[in-house]
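Taken together, the values in this text are just the output of simple stated rules run on the coordinates, not laboratory data. Keep in mind that this is a model prediction, so the values were computed, not measured. Using ideal geometry, Cβ is built from the backbone for each residue, glycine included, and neighbour counts are taken over all protein chains shown.
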Amino acid sequence: MSAEATTPSGTARGRRGAGRDVLRQLGRAAVLRSALRGRLPDAIEHVAQVHRRHHPRADLDTLRRAYVLAEAAHRGQFRKSGEPYITHPLAVTLILAELGAETTTLTASLLHDTVEDTEVTLEQVRADFGDEVGHLVDGVTKLEKVDYGAAAEPETFRKMLVATGSDVRVMSIKLADRLHNMRTLGVMRPEKQARIARVTRDVLIPLAERLGVQTLKTELEDLVFAVLHPEEHAGAQELMRRHVLRPDPLAEVAEAVREVLREAQIPAEVLIRPRHVLSVHRTRLKRGELGPYDYGRLLILVTEDADCYAVLGELHTCFTPVVSEFKDFIAVPKFNLYQSLHTAFTAGAGQVAEVLVRTHAMHRVAEAGVVALGDPHRACEGEPGGEDGERADPTRPGWLSRLLDWQRQAPDTDTFWTALRDELARDGEITVYGEESGDRPLQLPAGATCVDAAYARHGQRAHAGIGARVNGRLAALRTVLRDGDTVHLLLAPDGGSGPSPEWLEHATTAGARIAIRRWLEDTRPAEGEPGPGPGAPALPASGTTAPAARRGRQERADEQAAVVAGAPDAPVRLAGCCTPVPPDGVQGFTVRGGVTVHREDCPSAVRMLGAGRRPLAVSWRSGSVGCRVTLHAEALGRPELLADLTEALAAHGAAVLSAEVEPPREQRVRHTYTLRLPDSAGLPRLMRAMRRVPGVYDVTRAARLQP
């Protein structure tokens with residue numbers, strides 16, 4: 001039920017059964033009588049007129065039947081404002097009709113609260129209006145607080161997002177529903193207003209941005225701004241009130257632009273697009289005192305894409321452009337379907353006028369986003385995209401695919417709710433590509449790294465990542481990707497050591513962070529023991545086996561390498577932070593499930609000794625055993641350095657488990673390799689061979705404090 005709905009006790013949920021059957025019969029009878037009358041109820045006439053403006057050939061019979069059923073079902077229910085409850089689904093439907101939504105969406109919006117708040121069942125909706133309408137209504141129906149308690153709201157959003165994954169119209173209805181509730185939020189208690197406004201700010205507004213529904217987004221932003229920051233909102237409104245009392249200086253600029261375009265014989269519509277309240281506030285924060293042109297922007301609408309660039313050429317020729325303000329979102333659309341040219345020029349006493357240039361078709365999408373695309377499953381006659389029967393399917397944009405993927409990995413509500421807000425807080429999206437012909441493009445948030453790409457493409461297999469190739473060149477997993485990059489993940493041949501806590505610093509997507517945290521939690525040592533690092537024991541790539549099974553392969557190798565004095569059968573693990581090998585001096589520390597062996601000079605061991613941890617005497621079983629070791633090679637940067645070092649490693653039988661190259665500093669570069677050697681006795685020879693590589697001036701063992 002809407003946040004503002006009240007229901008007489010006689011229509012409470014508990015009185016289903018016979019009452020439900022009666023209402024179903026009345027509803028069906030009302031639908032049939034309405035169809036026989038052959039006319040629209042007066043209450044829905046305005047919605048029908050708006051709908052026909054966008055869809056002249058739309059069949060209104062379905063809308064008539066949906067309204068009659070909704071009105072009968074909600075009869076006797078009132079909103080907290082005192083209005084009949086049917087006014088809410090009517091208002092939601094009008095919002096969507098004004099955006100150009102097609103008939104199926106409007107039908108579902110009229111019925112969107114019936115299953116949740118009345119005796120109408122989902123089966124009845126499907127039987128009377130079809131599976132599509134039933135899917136949309138089910139998608140926006142909230143989960144019961146009786147069943148879910150405090151988790152009801154987050155889990156409702158999860159359910160809604162899953163439904164949106166197969167049909168974005170679900171979220172369109174929810175956004176319109178929230179907009180009408182925000183418009184009428186004043187009847188709520190202040191604390192409830194603030195709670196609803198915060199969820200709207202953190203979840204609904206970012207979703208509106210990602211779906212490109214700018215009209216809803218801007219109004220939601222202003223309504224939230226008024227609730228959460230009333231003083232700043234009032235200040236911005238006062239500035240706008242003072243501005244409209246005077247002639248708008250942009251009117252003269254708009255006329256000058258019209259004259260320029262007339263002379264160039266470019267048919268165009270030049271409008272002044274006022275900023276909304278929050279936009280005025282943000283502009284004031286950015287620029288300080290607002291200038292006369294800061295309260296709006298020029299919007300130029302043309303017919304063809306080529307006309308956009310023709311307009312741009314005339315503007316930059318006849319006015320002084322501000323080059324830093326130019327952006328081409330036509331050649332490179334935003335991730336939410338938005339297309340437009342942005343520019344600015346100086347006009348009148350050095351003031352800067354901002355300009356948007358787009359076609360009429362681009363403008364419809366910029367305002368209504370996915371709502372303007374109609375039915376995402378088929379191109380219908382008379383609907384957008386219906387001319388050639390083809391349309392790019394908007395139901396699974398990259399951000400939505402990512403969200404649906406990682407939400408499956410977040411079974412607990414708190415993890416899902418936190419990760420959802422984090423994901424939606426990110427702005428912008430990039431596309432990266434694989435090296436193989438069968439690799440699908442990946443849509444990632446702006447600022448994503450190779451770690452994010454690894455988990456997006458490989459899932460749990462990314463635990464075995466040791467590096468990447470970006471545009472054909474070796475790169476560290478922390479490398480930030482750019483739009484259009486080609487990325488190939490390098491996997492350890494033996495399954496790798498698994499992610500270290502440092503990976504969380506470089507993971508920006510919720511999917512990557514959840515997968516890394518789950519692996520670290522499954523392999524977490526006892527309190528006080530350093531966690532796994534870049535040189536930690538090798539673990540299989542699978543994220544589904546038990547922790548003991550994952551660690552078993554390396555633990556068996558470790559137990560064969562070292563033995564605890566007085567406890568020869570104690571499980572042993574070689575610490576990943578210092579990767580001890582024979583004949584290093586070592587000592588052990590008790591951890592959950594066994595003993596971890598550190599080099600005596602390991603900073604982690606020194607720290608634990610200082611904290612009062614009692615060391616155990618440990619000895620090597622043999623002076624020549626296979627081992628894992630991490631080496632740092634300090635060198636002067638030069639071409640082919642990586643290839644020469646790799647060749648030296650291969651010549652000494654070293655298997656590279658991970659490799660990282662830090663950015664050069666003053667022509668100096670540091671390579672870090674985690675290696676597996678067949679015989680620890682060969683380590684000194686290997687280090688000498690690496691030092692002999694031209695440009696390498698030092699090779700050292702890793703021994704650093706783990707986070």
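Summary of values
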item	result
Rel. contact order, % - alpha carbon contacts under 8 angstrom, at least six apart, region 126-262	15 percent
Cβ-based exposure ranking for 113, 305, in which fewest neighbours within 10 Å come first	305, 113
Euclidean distance of C-alpha centroids, region 650-676 and region 414-468, integer Å	25 Å
Gyration tensor (alpha-carbon) shape descriptor, region 78-223, a/c threshold 1.5	rounded
Label-point gap, in nm, between residue 681 and residue 640 - each point 7 angstrom along Cα→Cβ	3.5 nm
Sum of side-chain charges, residue 321 neighbourhood, beta-carbon under 14 Å (Lys, Arg +1; Asp, Glu -1)	-3
Sparse-neighbour loop sites [trypsin sites (Lys or Arg not before Pro); region 46-77; at most 11 other C-beta within 10 Å; DSSP]	57
Furthest towards positive pole of dipole, 365, 277, 251, structure part region 238-373, Cβ charges	277
Segment residue 287-residue 613, length gained on full extension (0.36 nm per residue, minus Cα span)	111.6 nm
Exposure proxy ranking, count of Cβ atoms within 10 Å, fewest first, for 326, 335	326, 335
Global geometry of region 627-701, whether rounded, prolate or oblate, following the gyration tensor of its Cα atoms and the 1.5 cut on a/c	prolate
Centroid-to-centroid separation of region 227-279 and region 125-178 [C-alpha atoms, Å]	38 Å
Theoretical gain in end-to-end length, residue 80 to residue 192 [0.36 nm per residue, Cα-Cα removed]	39.0 nm
Inter-label distance for residue 440 and residue 121, nm, one decimal - labels placed 7 Å from Cα along Cα-to-Cβ	3.7 nm
Which of 88, 55 has the fewest Cβ neighbours within 10 Å, and the rest in rising order	55, 88
3J(HN,Hα) from dihedral phi, region 501-518, Karplus parametrisation 6.51/-1.76/1.60, rounded to Hz, x for glycine, proline	x, 4, 4, 4, 5, 10, 9, 9, 8, 4, x, 5, 5, 5, 5, 5, 4, 5
Shape category assigned to region 238-373 from the gyration tensor of Cα positions, a/c cut at 1.5	oblate
Residue 57-residue 471 FRET efficiency (beta carbon distance; Förster radius 56 Å; 0.05 resolution)	0.65
Student exercise, region 426-522 dipole from Lys, Arg, Asp, Glu Cβ charges, in Debye to nearest 20	20 debye
Residue 600-residue 569 pseudo-label distance in nm [points 7 Å out on the Cα-to-Cβ vector]	3.1 nm
FRET efficiency for residue 248 and residue 329, using Cβ-Cβ distance with R0 set to 30 Å, rounded to 0.05	0.70
Cross-link table 142/286; 80/217; 217/327; 80/159; 174/334; 80/334, entries beyond 32 Å C-alpha to C-alpha	142/286; 80/334
Efficiency of FRET between residue 320 and residue 483 - r from beta-carbon atoms, R0 30 angstrom, step 0.05	0.50
Extension gain (nm, one decimal) between residue 431 and residue 412, 0.36 nm per residue minus Cα-Cα	3.9 nm
